[in-house]
Each structure stands twice: as structure tokens, then as C-alpha cells.
Amino acid sequence: MKEKKMMLGNAAIARGVWEAGVKVSSAYPGTPSTEISEELVKYPDVYAEWAPNEKVATEVAIGASISGVRSFATMKMVGLNVAADPLYSFSYAGVTGGMVMVVADDPGLYSSQNEQDTRMVCRAAMVPCLEPSDSQEAKDYIKYAYEISEKFDTPVIVRTTTRLAHSQCEVTLEDRVVPDDKVYERNIAKNVMMPAMAKGRHLIVEKRMKDLAEYANTAPFNTIEKGDMTIDGKRIGFITDGIPYQYVKEVCPNASILKLGMCNPLPRKMIEDFAASVDVLYIFEELEPVIEEQVRSWGISCIGKEIFTIQGEYSANMIRERVLKMDLDLDEAPQIPPRPPILCPGCPHRATFSVLKKLRIHAAGDIGCYTLGALAPLSAVDTTICMGSSISSLHGMEKAKGFDYIKNWVAVIGDSTFLHTGVNSLINLFYNQSHGTVLILDNRTTGMTGHQDHPATGKTLSGEIVPAVDFKKLCEGIGIEHVREEDPFDVDALTKAVKEEVNREALSVIIVKAPCALLKGQQHPYVVEPLADKCVHCGACLQPGCPALTKKEDGSIAIDATMCNGCGLCMSMCKVGALQKVKR
């Protein structure tokens, strides 16, 4: 009897990659996809790595595929934007060994800056897209994806969502099966995407998509579940995919359901036959009307986004309310105090932003924990667009308004994000003779996604100790003359450094370096205690917004010793010596 195990969707995907005989995996961490690589590295038969960004990860997987082995890349949906360049071209070229990408969407925006739908990218790039609805399917669909990749000479995307990635069910485990490596043969017409070759490959891709659409009509992951559910005497049916299928089954188990495991290309004949078998057809898909628009274009009447939302995550109650017209009469949720996201106690970013706020300097921000510097009480970050945009945005401001304008601005970017796409932007500033100050907030880890390593930490995904990128040498190697390192908790020194650099009519970089307070191995032997007899109730120590500090009714300060790690930032704010650092 085969072993069964409860697995998160991300863990099941990793298991599927291993069972499929994959040999090379590359990724950049991004919630909700991060755990896939963290689970995959536990399988010794697969080489798994963190890449500096998703474009590099995709190109690593492409190289492995061209050499003749099965390869894998994973990222979140905004990471696919970064990887789009190689994806679109490799769709034309096609694979040697099977290549699969897992892209995790985030309906509801739990941890992302937009709510884009990967299915639309798959349509544009002309690559097939599979979408599992639970952990068992997540594992199985990975294996299907490699079969499709090699049969149809195409990269394949498996789309997941936050709900699938972080929910679990029982999964049947199977053995690893490693196919023979494909023999690499030099083929310029296939693998070199010059215009003349690409024109020929485009024709092949168009035929491939037609063949895939025919295949989808009988594929094992596109299934029809016949039912007899009626509303007002009319037989109803649902076309759905992914996690929304679970909500349909929960609320309407007796309805006819066409469950699409492949959402690009769509099985037209299967859909037409299914639509003819019901009186009222609902299309229940999260985010964009990708299925609905195609179904309507075939002249099939359906109900979709006119009653279901484009924004946000779906639920079973949405079907109850909008299809079954049920009055749910739900109890009003208890009112609890709001808990906005905040930087952790002892976070080095808080110290940096406290300095910027004191100096009344605006920050062009980036993607990372430090984005929280936009919120009160720090209120130091003015913009956040995408990975690496802070430095480029500062450059645009300087070219638009001149040096006098950006003396009140800096760019702030994390260490992992700087290596992701910030390096290119910094080179652009140097090359185009821009002025301005860039702060690299080096907390020695990829903090926002859960402490993953990167090229400047000196450790790989597998834990191997390797030479680390030196930010100071890297910036100096670009040619930047004014590069300095500062400790964010030395507030006076950092204040002096920022003042000097923003007023320097040149390009400068300040590497603000201190480890994340939650980083494994960090020791916090001290705690800060208030001295009630010296406190003048001015509240200066509260200005950085550290959650370990609270104000009592009499105006004095209380410090929660279980949260405080003795960073001393509050002490630097106090001008009357009413705080002291003591050993735990």
C-alpha cells in the first residue's frame, strides 16, 4: 500500500517535482511560493538554488532543459513579470528536457502589490497552464506538466494561489521516476531566436496551441461531474478551475460541474457539449474573466462577472448569496482593535526611518519589510512600485527636477532587493551621471519572505557556505566614489552621514548594516528598562513606534521585556537619560 501524508500545497508541489525526475531547480523567494524551494532542497536528488531574481531563475531552468534534463523554476506572479522576457522567447524555442514553472497568484492581496492573473500571461506567451485544486492534484499536475512539456515541445506553467499553497490535504506518495536525459543536438533554427528563426517557430507555436486545445478535450485533468441540481426548474452547471472548484463542491455538490485542470488552452468542444447539457451556466473563476470571455466569444450564454467579483478571493458564501440567493444572516463579527502591520521590535529599519523622519527626508521605497516605513508613526516612505524601482525613481526625479529637489530625497532598498534588480538601477545612475543618495538597508537576509539567503549572505539554499557579495566593493567596482557603511542604531553617526550625502552634489551610497532582529542565531542579552524618577513624560521614546513600548495612564513609559531586544533606539531618542540598558 502506498504511503499517504498530509501535505501543504507547496510541499506537494516539491514532492511532484522530485517524483517527476527533475534534476535542476532555480527560484527567487516570493510569498506564497517560497516554501516550494525550501521543501525541494530536502530532496538530495534535485539541485535546488536561490537565484538573484526570477529572470535568472527561469534562464537557469531553460539552460538545464536545453541540455536535455527536466528542469523547474518557481516564483510568485509579480516575479513572472521579471521572468517574462525569457518565457516569451522560450515558448517559441521549445524544450529539450521538460521544463515547468510554478507561478503563485495572490487573490485578495495578502502579500503582494497587485492582483494580476497568471492565466492571462499564459495566453499571451502561448504556453499551457494547469491549475490544481488541492495538494494531491498539485503533486499530480506537476507530473502531467512534464509529460505535456515534452510531448508538445513547450514550457508549461502550473498556476497556484495563496489558498492552495498554504492549505493541506492527504497526498499519496509515489516513487521518483527519472527519464533518460535527452541527447542535445545543435539546432540553430530551434534554439536561436533571431527574427528569421522566430518567424518559423511562431508558426509551430500556433499549431502547438491548436493541438493542445484538441488534447484538452480528452485530457485526464479536465473532467465533467454530472448532476441534477435545479434552480426554478432549470438545470444549473458550473465551469470552474483551481480552488474555486472546492467552493462549488461544498455548496452545490449535486450540480453539474466542468472542472478545468488546464485553463489554457481551453477545451472548446468539451465546453460546448457541457453548456448544451445545462439550462443555466455559471463560470466561477477568481480574478480576471479569462474563461468567461472565451466562452462568450464562442456564442455560449453564461453568467459570470456580472454577479461574481473580479477583485479578491472567492468563497463558498459567494455562491450561497449570489446563486442560491440565500440570506445568510451571519452573526456580526466581533469588533476587535485594528492591528496594522508594523516593523518588529529591534528592527534596524525602524532606526533608519527614524533618522529620515527627523531630517524630514522623503524616501523612494522598494519591496520588502521596510515598505512598512510608509505607515505612521514613521511615515518616511513616499513611493513603492516594484522590485528595484526605488533607485530608478530617484534618478527620474533628479533628471526631472534637478539636484536641489532631490536633496530632500533618498532611495531605500533592501539587500536582497538590491541584488534582485537594484544593481541595474544603480549602474544606470552612475552611467547617466545622476546625483542622489541610495541607502542599501542590509539586514543580512531576505526578511519579508521568511529569512531566505541571497548572494550577499554567504550561504546557499542548501546551506553551503560560499563567498559573499561585498556591497561596498560592488558599489566601488561600479565606479561610485562615495560609499560608506553605517550602523543604523548609531543614530548620531547615521544622521551625520545622511546629512552629508544628501547635500553632496554627487552619487553616493550608504550601506546601513545590521542583522534582522529575528534572524536565527541572533543573541539579545540586554533589555531596556525605564527609570521612572527621570522620565519627564515627553514621549520622545515613543516616536519610532516600537511595539515593545507603551504609554501608561500617568504618561510614563512601560517596556515589555518579552518583546524588547535591547537595540537601544528608544534610548537614543531620550534626552533626559530616563532609559537604561540592563542584562536580562
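The values are calculated or read from the model by the stated rules, or taken from the named source; none is laboratory data. Everything numeric in this text was worked out from a predicted model, so none of it was measured. Ideal geometry is used to build each Cβ from the backbone, glycine not excepted, and the neighbour counts take in all protein chains shown.
Among the candidates Val103, Val127, Val121, the residue that is in a loop (DSSP other than H, G, I, E, B) and among the hydrophobic types (A, V, I, L, M, F, W, C) is uniquely Val127. Assess whether Arg339 counts as being charged (D, E, K, R), at pLDDT below 95, out of contact with any Pro (no Cβ under 6 Å at 6 or more places or on another chain) and surrounded by fewer than 16 Cβ atoms within 10 Å (Cβ to Cβ). So Arg339 passes the test.
To keep it simple, each residue is scored yes or no on (1) farther than 30 Å from Val381 by Cβ; (2) acidic (Asp, Glu); (3) crowded, with 19+ Cβ neighbours inside 10 Å; (4) without any contact (Cβ under 8 Å) to a residue 12 or more places away in the chain.
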{"site": "Gln294", "(1), (2), (3), (4)": "yes, no, no, no"}
{"site": "Glu306", "(1), (2), (3), (4)": "yes, yes, no, yes"}
{"site": "Ile319", "(1), (2), (3), (4)": "yes, no, yes, no"}
{"site": "Leu343", "(1), (2), (3), (4)": "no, no, yes, no"}
{"site": "Pro348", "(1), (2), (3), (4)": "no, no, yes, no"}
{"site": "Ser354", "(1), (2), (3), (4)": "no, no, yes, no"}
{"site": "Lys357", "(1), (2), (3), (4)": "no, no, no, no"}
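What's the number of the only condition in (1) at pLDDT below 90; (2) of a type in the set (S, T, N, Q); (3) in contact with a Gly (Cβ under 9 Å, 6 or more places away or on another chain) that Ser508 fails to meet? Status for Ser508: all satisfied but (1). The residues listed here are Ala145, Ala138; of these, the one that is within 19 Å of the chain's Cα centre (by Cα), of a type in the set (A, V, I, L, M, F, W, C), in the same structural domain as Gly9 (by TED's automatic domain parsing) and under 18 Å from Ile13 (Cβ atoms) is Ala138. If the condition is being farther than 15 Å from Cys252 by Cβ, over 31 Å from the mean Cα position of the chain (by Cα) and buried (at least 18 other Cβ atoms within 10 Å of the Cβ), then the range 275-292 contributes only Ala275. Here Asp329 fulfils each of the conditions (1) of a type in the set (Asp, Glu); (2) more than 30 Å from Thr550 (Cα to Cα); (3) crowded, with 23+ Cβ neighbours inside 10 Å apart from (3). The residues of the range 22-44 that are surrounded by fewer than 24 Cβ atoms within 10 Å (Cβ to Cβ), farther than 20 Å from Pro132 by Cα and at pLDDT 95 or above, listed by number, are Lys23, Val24, Glu38, Val41, Lys42, Tyr43. Could you tell me which of the residues Cys386, Cys369 is at pLDDT below 95, closer than 30 Å to Lys42 by Cα and surrounded by fewer than 24 Cβ atoms within 10 Å (Cβ to Cβ)? After applying the criteria, what remains is Cys369.
You will find that of Ala138, Ala125, Ala93, the residue that is in contact with a Leu (Cβ under 9 Å, 6 or more places away or on another chain), over 30 Å from Ile385 (Cα atoms) and touching a residue at least 24 places away in the same chain (Cβ under 8 Å) is Ala138 and no other. For the range 149-198, a tally of residues being basic (Lys, Arg) and on the phi > 0 side of the Ramachandran plot returns 0. Counting the residues of the range 169-200 that are out of contact with any helix residue (DSSP H, G or I) (no Cβ under 6 Å at 6 or more places or on another chain) and either outside the structural domain of Ala11 (by TED's automatic domain parsing) or of a type in the set (Gly, Ala, Ser) (or both) gives 2.
Looking only at the range 387-405, count every residue that is touching a helix residue (DSSP H, G or I) at 6+ places or on another chain (Cβ under 9 Å) and either closer than 17 Å to Asn428 by Cα or among the charged types (D, E, K, R) (or both) and tell me the total. Don't jump to the end; show me each part of the working.
Start the filter on the range 387-405 by keeping residues that are touching a helix residue (DSSP H, G or I) at 6+ places or on another chain (Cβ under 9 Å), which leaves 387-395, 397-398, 405.
Filter again for either closer than 17 Å to Asn428 by Cα or among the charged types (D, E, K, R) (or both), leaving 387-395, 397-398.
Residues in the range 387-405 being touching a helix residue (DSSP H, G or I) at 6+ places or on another chain (Cβ under 9 Å) and either closer than 17 Å to Asn428 by Cα or among the charged types (D, E, K, R) (or both): 11 in total.
Where in the range 370-483 are there helices (runs of 4 or more DSSP H), lying fully within it, with 1 or more residues that are closer than 30 Å to Leu542 by Cβ? Spell out the reasoning first.
On the way: elements: 389-401, 403-406, 423-431, 471-478.
Qualifying helices (runs of 4 or more DSSP H): 389-401.
Scanning the range 236-267 for residues that are surrounded by 17 or more Cβ atoms within 10 Å (Cβ to Cβ) and without any contact (Cβ under 8 Å) to a residue 60 or more places away in the chain turns up Gly237, Phe238, Thr240, Lys249, Ala255, Ser256, Ile257, Leu258, Leu266, Pro267.
Looking at the range 188-195, can you tell me whether even one residue there is more than 29 Å from Phe308 (Cα to Cα), assigned to a helix (DSSP H, G or I) and at pLDDT 95 or above? Taking every residue of the range 188-195 in turn, none turns out to be more than 29 Å from Phe308 (Cα to Cα), assigned to a helix (DSSP H, G or I) and at pLDDT 95 or above.
Could you tell me which of the residues Gly16, Gly30, Gly79 is touching a residue at least 40 places away in the same chain (Cβ under 8 Å), within 23 Å of Glu170 (Cβ to Cβ) and assigned by TED's automatic domain parsing to the domain that holds Cys122?
Values: Gly30 fails: within 23 Å of Glu170 (Cβ to Cβ); Gly79 fails: within 23 Å of Glu170 (Cβ to Cβ).
Answer to the check: Gly16.
Among the residues that make up the range 538-546, is at least one of them farther than 30 Å from Leu419 by Cα, out of contact with any Phe, Trp or Tyr (no Cβ under 9 Å at 6 or more places or on another chain), in contact (Cβ under 8 Å) with a residue 60 or more places away in the chain and not aliphatic (A, V, I, L, M)? Yes: one or more hits.
Starting from residues that are buried (at least 24 other Cβ atoms within 10 Å of the Cβ) and touching a Leu at 6+ places or on another chain (Cβ under 9 Å), keep the ones in the range 446-467 and report whichever is modelled with the lowest pLDDT. Working first, answer last.
Of the residues in the range 446-467, the ones buried (at least 24 other Cβ atoms within 10 Å of the Cβ) are 446-447, 454.
Next, only the ones that are touching a Leu at 6+ places or on another chain (Cβ under 9 Å) stay: 447, 454.
Working: Gly447: 90, His454: 94.
Ranking the candidates gives Gly447 first.
Criterion applied to Cys564, Cys538 was being in a loop (DSSP other than H, G, I, E, B), out of contact with any helix residue (DSSP H, G or I) (no Cβ under 7 Å at 6 or more places or on another chain) and surrounded by 17 or more Cβ atoms within 10 Å (Cβ to Cβ), and the one residue passing it is Cys564.
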